[in-house]
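The values are calculated or read from the model by the stated rules, or taken from the named source; none is laboratory data. Remember, it's a predicted structure, so these values are computed and weren't measured experimentally. No Cβ is skipped: glycine too gets one built from the backbone with ideal geometry, and neighbour counts run over all protein chains shown.
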Amino acid sequence: MQRRPSSMLSILIPVYCFDIRPLVQQLWQQAQALPFPWEIRLLDDASPTQWQATNRELSTLSGVEYAEQAQNSGRAQIRNTLAKSARYEYLLFMDCDSAAPDDQFLERYTKHLSPRTVLCGGRTYLEAPAKTNEHLHWWYGSQREVKSAATRQKRPYEGFMTNNYLVPKSIALDIPFDPTLQHYGHEDTLFGLELKRHNINIIHLDNPLLHIGLEEADHWLDKQQQAIRNLYILHRQHPDLETRALRLWTWLHNSGFLGWLYPLLKRRAPLWRKRLTQETRPSLRLLDSLKIFWLEQVWREESVK
């Protein structure tokens, strides 16, 4: 059955310090088979020149638009910019450090297009990390982020991930990402909350992208700590924001338990971090404990300001 003319797709990829040529080639090949107009828009968020020089060659592909920003605008604002520039009705956002799992990735999305529905495809990982020092990122992602559509649908708005989702342009423009968010972390969590507040339907699909841009353990942990700081700030602004770590911290904090436990957490935190970065498959409960410590630490810092 022929699709209605309004079924048109803009594939939008924020780019930063990554060779996106393999991903775009995959998508470009799949897009040739789509029965409606499409485009691929790539926006570089002020990467160093060597990355830009590598990715510029993609502008020679028909249907591909490549542009560069002079200044870094951050993970939230760059998505707003891409949404405004998109030509078509449906916007498929994905992270640049991804790979399509097979040649049916785009087709699976097109079967579920609906003007008032956001589609989330999910995330998956390789069977093992490519580099030893990327083990923690890979282990966490494999154990915590890889979830079936049925599991994600039980809490459709919580844990929203911007790595792989399709949204009608009208919704993306009505509910933009918060442009004031400059630091790393949880802009996608807030976006999920905004979708819930606006009663936007979310359908989770088993259509994951492969996450290949893994980071070294120490750097990844630093980013997790920054994300927790961002999460606390967002929580103060939006008390109904929920994550697993926030629920546990709130309960422990309000009970007074963290008041006397905090000195112990402070002494143990360096040891937990060392185990997380050095063990091949560490207990992720150590990371959970670190997140509780970081949240309490940020609360104490903010309370004295």
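Here the range 115-147 is the region considered, the condition is being of a type in the set (Gly, Ala, Ser) and in contact (Cβ under 8 Å) with a residue 60 or more places away in the chain, and the residue that is farthest from Glu279 (Cα to Cα) is Gly121. For the range 65-123, the set of residues classified as farther than 21 Å from Glu145 by Cα, among the aliphatic types (A, V, I, L, M) and surrounded by fewer than 18 Cβ atoms within 10 Å (Cβ to Cβ) consists of Ala67, Ala70, listed by residue number.
Taking the range 48-66 as the range and being out of contact with any helix residue (DSSP H, G or I) (no Cβ under 8 Å at 6 or more places or on another chain) and not in a helix (DSSP H, G or I) as the test, the residues that pass are Pro48, Ser62. When the range 272-298 is filtered for residues that are touching a residue at least 40 places away in the same chain (Cβ under 8 Å), over 22 Å from Ile233 (Cβ atoms), assigned to a helix (DSSP H, G or I) and of a type outside the set (S, T, N, Q), the ones remaining, listed by number, are Arg273, Leu276. Being under 19 Å from Gln25 (Cβ atoms), free of Cβ contacts under 8 Å to residues at least 24 places away in the same chain and either in the same structural domain as Leu181 (by TED's automatic domain parsing) or crowded, with 19+ Cβ neighbours inside 10 Å (or both) is a property that Ala53 has. Based on what the data block shows, is Leu221 more than 24 Å from His112 (Cα to Cα) and assigned to a helix (DSSP H, G or I)? Spelling it out, Leu221 is indeed more than 24 Å from His112 (Cα to Cα) and assigned to a helix (DSSP H, G or I).
The number of residues in the range 271-305 that are under 27 Å from the mean Cα position of the chain (by Cα) and under 30 Å from Glu127 (Cα atoms) comes to 21. Using the structure shown, decide if Arg247 is at pLDDT 95 or above and either aromatic (Phe, Trp, Tyr) or in a helix (DSSP H, G or I) (or both). No, not satisfied.
A single member of Leu234, Leu205, Leu209 is within 17 Å of the chain's Cα centre (by Cα), aliphatic (A, V, I, L, M) and closer than 18 Å to Ala130 by Cα, and it is Leu209.
Cβ separations smaller than 6 Å between residues 6+ apart or across chains give no pair from the range 247-261 residues that are more than 14 Å from Arg300 (Cα to Cα) to residues that are surrounded by fewer than 14 Cβ atoms within 10 Å (Cβ to Cβ) and modelled with pLDDT under 90.
For the range 93-103, the criterion of a residue being closer than 26 Å to Trp138 by Cα, without any contact (Cβ under 8 Å) to a residue 24 or more places away in the chain and not in a helix (DSSP H, G or I) is satisfied by at least one position.
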